[in-house]
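Throughout, read-outs are computed from the coordinates displayed, never taken from laboratory work. Quick caveat, the model's predicted, so the values are computed rather than measured. In this analysis, Cβ positions are derived from the backbone assuming ideal geometry, glycine residues included, and neighbour counts consider all displayed protein chains.
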């Protein structure tokens, strides 16, 4: 089962900070690395990942940062979205939303820990919801998505 998904930066941060290998964010990162999630990206998203993951406050090792960046580029798909005209609480998040919207015909998701930054849409999911979809336990979301993953 494979899904297309835009992964919000906060998901990668939480995964790299987590000491719990069963955390949903860690499972999302693992799903990217093992090919169950095809990460969708744009150069603006890669630039944000690079900038934020290098912030001193996180103390991430360079090899961990490069693992994330390389995985997204190697296993992912670059997307060039059309403007949606959507107004978000944090307009820096718009590129994540627009990339997901561009691939909605392929049942793409946006995985985020900050759902309040985005409009309420069935394709905007938490890391835990994404894992449930991958595992086939997505309940009503899976019914809606049918063949998405």
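By other beta-carbon atoms within 10 Å, ranking 96, 123 with the fewest at the front produces 123, 96. Quick check: the distance between the Cα centres of the stretch 84-140 and the stretch 1-45, to the nearest angstrom? First find each Cα centre; the distance between them is then 13 Å. Pick from 19, 57, 27: which residue has the top mean-square fluctuation in a GNM of the chain where Cα pairs under 10 Å get a spring? Judging by the Gaussian network model, the answer is 57. Comparing 84, 112, 25 in a Gaussian network model of the chain (Cα springs below 10 Å), the most mobile by mean-square fluctuation is 84.
Give the label of the value calculated from the structure for Rg/Rh (Cα atoms, Kirkwood Rh), choosing from [x] 1.05; [y] 0.99; [z] 0.93. Computed from the coordinates, Rg/Rh (Cα atoms, Kirkwood Rh) corresponds to [z].
Length available on full extension from residue 56 to residue 30: 0.36 nm per residue minus the Cα-Cα distance, which gives 6.9 nm. Spherically averaged projected area of the convex hull of Cα atoms, the stretch 31-74: 3.1 nm². Within the listed set 133, 16, 88, the residue fluctuating most in the Gaussian network model of the chain (springs between alpha-carbon atoms under 10 angstrom) is 88. Sorting 29-37, 73-81 by average packing, meaning the other beta carbons within 10 Å per residue, from highest down gives 29-37, 73-81.
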